[in-house]
Amino acid sequence: MVYTSYNVYFICGFAAIGKLQWLSSDALSLTFLGGGLFGFDISSMSGVLGTQAYKRYFGNPVSYRQGGITCAMPFGSLLGALSSSFIADKFSRRTSIQVACCFWVLGSILQCASINIGMLVVGRVVAGICVGIASSICPVYQAEIAPKEIRGRVVSLQQWAITWGILIQYFIQYGASQVGGGPDDPNQPTSAFRIPWGVQIFPAVILFFGMFFLPRSPRWLASKDRWEEAINVMAGLHGGGDVNHPKVLAEYQEIEEALRFEREEAVSSYRQLVAPRIFKRVVLGMSIQMWSQLCGMNVMMYYVVYIMEGANIASPLLTASVQYILNVLLTLPAILYLDRFGRRPALLIGSFFMMTFLFIVGTLQASYGIPNDAAHQTENNKDITWIVFENQPVSKAIVAMTYLFVCAFATTWGPTSWTYPSEIYPTKIRAKAVSLSTASNWFWNCVLAFAVPPLLTNINWKMYMIFAAFNGCALIHMFLTAPETKGKTLEEMDDVFDRVLPAWKSVPKGSRLDQLQKDIEEGNLKITAPHGAARKQAVAEKVDTTRLA
């Protein structure tokens, strides 16, 4: 039999984060391209808001009109997230990503060719469908192929790719804004916004064709009784291509037992979603994605230019770019520590610091800000109603607090909010439950994208206090309901969540998978790898496992 082993060192080309054993380089390609599309989505509007070309061509949209344009993409993402599980469960995680790519290309073409706000909104909705599907299924795929020891690190790479997408798209927009006489030129050509909206097509095209070379999720293959393919993929990921490697056989045994238990329950995946023991996990996953939006981070991503204008910064576009760089750099520590430090501490510490920084920003704006009337308006700040006027120390402090807020999110909630929901559900409902969690993300993303411009216009500094309060609520909620999941396999999450201990009690160390692997290595357990024609008959009955005396 020909064994296939996936190269594990592709990640070294991106950052020196150590040796990620057993991880497919193909899957990392998926992470960076799929996550990159998400990042392109988030910053696809922020860099053009301050250009005269965009304001002139689309009639200087502000407040509710600009909120409607911005929220069109997260609305499409909500639709994509809700539909993602149907495609992923029926046709595989891999195929669902390819479908998403088609939506992205079509949506980008419509945006690039927009002749009015209506066409722009339609293009953003279509492109958003792609992001909704990809943001639901990429973490599922990553969680299903990664070993428990580095699962948090692997899914964190998704968040890192998102930050790269945000950064790259923002600087493409910043560069395009210099076309003509620059962002303040009243006759600036429309290429200032058409170039960045057109360039974003290329990652989707690369991802679409690259997907043909990716392995399918072994857990999805197993759920379809394609066991021979499943164990070959597991061997390539975790056993150097050897289907009889103890780690591969132990993982195979655990997956098979979990699937058999689910089938013996004979409960449909939809009914299982609302079963008491699962429903609390569904609510927790949706809550984590909700808080990741209500913390205020995407306000910084979408409308950072407005925030910098309110701080009365000389070059809002350039000053705003610093936070995108910080977002990329500060996600790296999370990649390194999440599997050692844990998910729960990241959620709690992140909420506390984000709450603190937002309260400080709101207090500074309330104490030193003034209404932006005609006497204080300039070409750079005419879109906002509240500014800090001629007080550089306060302006710098506000900017510093926004930077620290971004750093706090990047090292805590950013990666954890995608890792945690992707790993806490059983295989049978994982795609559906994660799609609901991601839909929660995009619902609140959509609400905030629409609401923030009016909030900045009508309540000014009070908006920061509202988001700070949301972080305080998230801190309490996570303390009471989110147990630690590090070091556990996906099949062991039932043990983590079904125990009677409260969430703040530590989870016992160790794993059934480790014990299975040890038994196999010591000869106490024999498991026959499911390959060859004989497996077709065996899978209809029971796995050939026998304890040795």
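The values are calculated or read from the model by the stated rules, or taken from the named source; none is laboratory data. This is a predicted model, so every value here is computed, not measured. FYI the Cβ positions are ideal-geometry reconstructions off the backbone, even for glycines, and counts take in every protein chain you see. These area figures cover heavy atoms from the full protein model, side chains too; ligands, DNA and RNA do not enter into them. Shrake-Rupley method; radii C 1.70, N 1.55, O 1.52, S 1.80 Å.
What fraction, in whole percent, of alpha-carbon pairs in the stretch 431-470 exceed 16 Å separation? Pairs farther apart than 16 Å: 48 percent. Once backbone amide H atoms are built at 1.01 Å from N, D185 has Q52 as its partners under 5 Å, excluding neighbours fewer than 5 places away on the same chain.
Restricting the calculation to alpha carbons of the stretch 85-154 gives Rg and Dmax of 15.1, 50 angstrom. When Rg and the Kirkwood radius Rh are both evaluated on Cα atoms of the stretch 173-237, their ratio Rg/Rh stands at 1.45.
Amide H contacts of K526: T546, L548, each under 5 Å away and 5 or more positions distant or on a separate chain (H built 1.01 Å from N in the peptide plane; Pro and chain starts excluded). Packing order of peptides 344-354, 112-122, highest average first: 344-354, 112-122 (average count of other Cβ atoms within 10 Å over each peptide's residues).
Give the carbon-plus-sulfur fraction of the accessible surface of the stretch 144-295 in %, rounded to a whole number; probe 1.4 Å, heavy atoms of protein chains only.
Ligands and nucleic acids excluded, carbon and sulfur give 65 percent.
Mind scanning K428/K505; K280/K488; K224/K247 and naming the pairs with a C-alpha gap bigger than 26 Å? Exceeds cut-off: K428/K505. Along its three principal directions, the equivalent ellipsoid of the stretch 107-261 from the Cα gyration tensor extends over semi-axes of 44, 16, 12 Å, largest first.
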